[in-house]
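Q: Below is a structure I'd like to ask you about.
The values are calculated or read from the model by the stated rules, or taken from the named source; none is laboratory data. Predicted, not measured: the structure shown is a model, and the values here were computed from it. For neighbour counting, all protein chains shown are included, and Cβ atoms are generated from backbone atoms with ideal geometry for every residue, glycine included.
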């Protein structure tokens, strides 16, 4: 499932490539025909990401809300202007590890997780992208433009130079400003949107009074925005916290530590496009981890393998229909 860092990367991509431009909109799949007709011909005026949801504004206070859910993704084609704050697939931009060491050209994993071509649910790139520092024109001569429809495209947004195809979202709807405000008001704090100190107070206050397990609370978007299954498992391991402990029984310093760790990890995720959760790796180990999820996480997707710290077998449980990975020794 796309987590918060992916949605913020998508929003930045829309900001650089669609905001300020008129768009043509269509629904090749046929499930958003009326909404696409309302959007088509309007100019995108601003974009916001909060947790796992993106809000794209058009003329006359019209907003498009998109929640990717489990399987949604945006696929981009054409000319893509690179956001300079994000390490991308553009060879002119590099990546740094968590020590700040330049490790050269960006590293794509097997799913292209940090690719600007497709952002959301992991998938191989479907469409061509030509990335540049500034928009200079259409796709390369001889390439079909607009690109052909591939698969079930709920919504296609098309500017003169850039195409964005939305597939498999949980939500794709038009909202008024009041409806947008009401949607965001229900969400927990997002470190990339809210004041970090105020967000910590909100998060700690809610968690510390809840009888619900901390493992479930971290996945509750009304408690904290953006955390999904991967970050949940990794944050809890990094805090050495048992996921089944009721929130009200988790020491306050641990709760606050989880929030501060989330502030750090989501920033890394937005920069690199990958959910890197291991610290203090040398450049070679960092490159290996960025290229392979198997080397990137402490416990996620490691059921039955030895804990990287204590050697105990990592366990996996199904909790509220989602898989929970944790170390029964380090997180006892």
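Q: Which numbered condition trips up residue 293, out of (1) under 18 Å from the mean Cα position of the chain (by Cα); (2) surrounded by 22 or more Cβ atoms within 10 Å (Cβ to Cβ)?
A: (2)
Q: List the strands (runs of 3 or more DSSP E) that sit entirely inside region 8-85 and contain at least 1 residues that are out of contact with any strand residue (DSSP E or B) (no Cβ under 8 Å at 6 or more places or on another chain) and at pLDDT 95 or above.
A: Where strands (runs of 3 or more DSSP E) fall fully within region 8-85 and carry at least 1 residues being out of contact with any strand residue (DSSP E or B) (no Cβ under 8 Å at 6 or more places or on another chain) and at pLDDT 95 or above, they are 44-50.
Residues are listed down the side, and each one gets a yes or a no for (1) at negative phi; (2) free of Cβ contacts under 8 Å to residues at least 24 places away in the same chain:
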position: 250; (1), (2): yes, no
position: 264; (1), (2): yes, yes
position: 298; (1), (2): yes, no
position: 301; (1), (2): no, no
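Q: Restricting to region 281-295, give me the number of residues that are over 24 Å from residue 7 (Cβ atoms) and part of a loop (DSSP other than H, G, I, E, B).
A: 2
Q: Quick check, is residue 300 modelled with pLDDT of 95 or more, closer than 27 Å to residue 192 by Cβ and touching a strand residue (DSSP E or B) at 6+ places or on another chain (Cβ under 6 Å)?
A: yes
Q: Can I ask one more? Got a sec? Which strands (runs of 3 or more DSSP E) wholly within region 97-192 have at least 3 residues that are modelled with pLDDT of 85 or more and either assigned by TED's automatic domain parsing to the domain that holds residue 277 or within 19 Å of the chain's Cα centre (by Cα) (or both)?
A: Counting at least 3 such residues, we get 162-167.
Q: Let me ask another. When residues of region 8-41 are filtered for being closer than 15 Å to residue 154 by Cα and touching a helix residue (DSSP H, G or I) at 6+ places or on another chain (Cβ under 8 Å), how many remain?
A: 3
Q: Just to verify a result, which residue in region 176-224, among those that are in contact with a strand residue (DSSP E or B) (Cβ under 6 Å, 6 or more places away or on another chain) and within 19 Å of residue 67 (Cβ to Cβ), is surrounded by the most Cβ atoms within 10 Å (Cβ to Cβ)?
A: Checked region 176-224; the qualifying residue surrounded by the most Cβ atoms within 10 Å (Cβ to Cβ) is 190.
Q: Moving on to the next point. So for region 266-280 (the condition being outside any loop (DSSP other than H, G, I, E, B) and closer than 25 Å to residue 213 by Cα), does at least one residue qualify?
A: yes
Q: Suppose we filter 309, 315 for residues that are at pLDDT 95 or above, assigned by TED's automatic domain parsing to the domain that holds residue 242 and in contact with a strand residue (DSSP E or B) (Cβ under 9 Å, 6 or more places away or on another chain); which single one remains?
A: Checking each option against the conditions leaves just 315.
Q: Oh, and also: Taking the condition of being crowded, with 19+ Cβ neighbours inside 10 Å and not in a loop (DSSP other than H, G, I, E, B), how many residues in region 296-332 meet it?
A: 3
Q: Tell me, which helices (runs of 4 or more DSSP H) wholly within region 194-249 include 3 or more residues that are more than 22 Å from the chain's Cα centre (by Cα) and not assigned by TED's automatic domain parsing to the domain that holds residue 276?
A: none
Q: Please work out if residue 250 is surrounded by 14 or more Cβ atoms within 10 Å (Cβ to Cβ) and in contact with a helix residue (DSSP H, G or I) (Cβ under 7 Å, 6 or more places away or on another chain).
A: Yes; evaluated as a whole, the condition is true for this residue.
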